[in-house]
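Scroll down for the structure; my scribbles are underneath it.
What follows is calculated from the coordinates using simple rules that are stated; it is not laboratory data. A quick note: this is a predicted structure, and the numbers were derived from the prediction, not measured. No Cβ is skipped: glycine too gets one built from the backbone with ideal geometry, and neighbour counts run over all protein chains shown.
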Amino acid sequence: MFSKASYSGTREENYELLLKQLQHLIEDEPSPTANLANAAALLNQFLEDINWVGFYVLEGEELVLGPFQGLPACTRIASGKGVCGTAVAKEEAQLVPNVHQFPGHIACDGATNSELVIPLRKDGRTIGVLDIDSPSFERFDQIDLDYLTQFNEVLGSYV
């Protein structure tokens, strides 16, 4: 059902297929943890040239590590700190072409050179973030941001 071979269209077509796969994967599952875990796994097999993908869940004023794929990660991030904390504090996505130029970047994996963080919302309220790291500079662009924002909108209905 899920394989890299299934993504053979344009980037936009592949993202559309990803959104459909996410919907089918989570629509009958009531567990937020299971849905976040499967969403992270789905993104890990879909996205090329990444070294970490996962979720941080907001608990009070802190982001706490949730389901992810990749090396062990920072467990807690304060709101306003690093790329993830900035996304929560500003309530907006952070597309960072070079993390080394981002003030206060938290280096959980020294191999990371670019990052995309998108707030995860439920009922209009930010409940966490989707965090994706890449070892390449300028890995993420507006197409990634647009479709992964849609990905989070679908997911937010099921967590």
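So, with +1 on the Cβ of K and R and -1 on the Cβ of D and E, and no other charges, what is the size of the charge dipole of the stretch 1-125 about its Cα centre, to the nearest 20 debye?
180 debye
Sort Asp109, Asp133 by Cβ crowding within 10 Å, fewest neighbours at the top.
Lowest to highest Cβ neighbour count: Asp109, Asp133.
Helix-only mean residue ellipticity at 222 nm, the chain, DSSP H runs n ≥ 4 weighted -39,500 (n - 2.57), per residue, nearest 500. What is it?
-11000 deg cm²/dmol
Counting only DSSP beta bridges with both residues in the stretch 10-156, tell me the antiparallel percent, nearest 5.
Of those bridges, close to 100 percent are antiparallel.
Just tell me which aspartates and glutamates come within less than 16 Å, Cα to Cα, of Lys90; anything on the same chain fewer than 8 places away is out.
Glu61, Glu62, Asp131
Suppose each label sits 7 Å from its Cα in the direction of the beta carbon; what would the Leu17-Asp141 distance come out to in nanometres?
Result: 2.0 nm between the two label points.
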